[in-house]
Amino acid sequence: MKSKKNLSMFSFFTLLTLIVLFLLGTWQIERRSQKHQLIDQVEYMTNLPAIDFLLDSSLNNFNLSDWKYRIVKVNGVFDFTKELYVFSNLSDPKGKFRGAGYWIFNPFLIENGDYIFINRGFVPQSLINSYKERDRDKQIIIGIEGYIKGFEKQNLFTPDSDFDENILYSVNASDMKNIFNIENALPFVIDIYSSEYGDLPQAGETRLKFNDNHLSYIITWYGLAIVLIVVYFVYRKRNNIL
């Protein structure tokens with residue numbers, strides 16, 4: 001009886017583990033497909049020429065999936081009296097600054113009265129205090145170019161925003177509108193790729209290359225499942241159960 005009970009428990013946990021391994025392998029197949037779609041979209045969009053963002057026609061039926069990572073040009077006015085900082089860790093920079101720091105966002109007023117939240121670039125954590133002390137009184141009409149990107153969704157592991165210091169840990173629309181006290185913002189952000197005023201913020205750091213390690217994960221999870229099946233039947237054979 002004890003042997004049969006042990007076999008039943010072993011079979012149960014083997015089956016449970018197999019289900020988990022197959023689910024993980026299948027999930028990685030889906031993630032690989034999504035990653036390839038993203039890579040293809042980024043490659044296609046970033047090779048298109050920059051276009052003027054035609055407000056009257058483009059926003060009537062705006063769909064972010066049709067515009068994400070497209071390079072656009074738009075004229076407007078920065079409001080440098082309003083600013084927020086999204087914490088990040090820049091590990092593979094194109095410029096000279098890297099490591100822990102902040103994306104600098106300012107609202108950008110365009111001709112129809114709407115705002116676009118602009119990621120002007122990266123400032124390292126060690127320089128953020130001196131950066132905040134700079135002159136903010138420049139209010140000029142300027143043309144910018146950059147990549148259209150979507151807002152981010154917070155998850156359970158995202159720290160709460162620090163509204164006293166205007167520090168966020170994700171590019172989420174709700175908290176950004178709250179800090180800027182702006183509701184009429186368009187449903188995307190723009191990452192500019194050239195700095196307007198000196199070295200900081202360090203623009204042009206939009207991530208355009210993505211690692212694709214999903215095939216190795218697929219092989220790992222399905223491979224472990226196969227090994228587990230072999231171990232299970234070897235166990236049964238050695239105990240004269242087959």
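Only the coordinates and a few stated rules stand behind these numbers; no lab work does. Quantities reported herein were computed from a predicted structural model and do not represent experimental measurements. With ideal geometry, Cβ positions are generated from the backbone for all residues, glycine too; neighbour counts draw on all protein chains shown.
Protection proxy ranking of 111-118, 151-158, by the mean of other Cβ atoms within 10 Å over each peptide's residues and highest first, is 111-118, 151-158.
Distance check, please: which entries in Lys35/Lys177; Lys94/Lys149; Lys35/Lys153; Lys68/Lys132; Lys68/Lys153 exceed 27 angstrom between their Cα atoms?
Over 27 Å apart, Cα to Cα: Lys35/Lys177; Lys68/Lys132.
On a C-alpha basis, how far is the centre of the stretch 97-128 from the centre of the stretch 169-212 in Å? Whole number, if you could? So the separation of the two Cα centres works out to 5 Å.
Given the alternatives (i) 39, 28, 16; (ii) 30, 23, 17; (iii) 49, 20, 17, semi-axes √(5λ) of the Cα gyration tensor in Å as computed for this entry is given by (iii). Of the residues Leu200, Gly223, Phe105, the one whose Cα sits farthest toward the positive end of the charge dipole of the chain, with +1 on the Cβ of Lys and Arg and -1 on the Cβ of Asp and Glu, is Gly223.
Using the Cβ-Cβ distance between Glu30 and Tyr235 with R0 set to 35 Å, the FRET efficiency works out to roughly 0.60.
Taking every DSSP helix (H) stretch of at least 4 residues in the chain, weighting each as -39,500 (n - 2.57) and dividing the sum by the residue count yields a mean residue ellipticity at 222 nm of -12500 deg cm²/dmol.
Residues considered: Ser194, Ser65, Ser130. Largest GNM mean-square fluctuation over the chain, using C-alpha springs under 10 Å, is found at Ser130. Computed about the Cα centre, the dipole magnitude for the stretch 99-206 is approximately 100 debye when only Lys and Arg (+1) and Asp and Glu (-1) carry charge, each at its Cβ.
Treating r as the C-beta distance of Ser65 and Leu15 and R0 as 35 Å, the FRET efficiency rounds to 0.30. For Val171, the residues whose modelled amide H falls within less than 5 Å of its own, excluding neighbours fewer than 5 places apart on the same chain, are Glu152. Entry note: the stretch 70-192 has Rg to Rh equal to 0.94, where both radii use alpha-carbon atoms and Rh is the Kirkwood radius.
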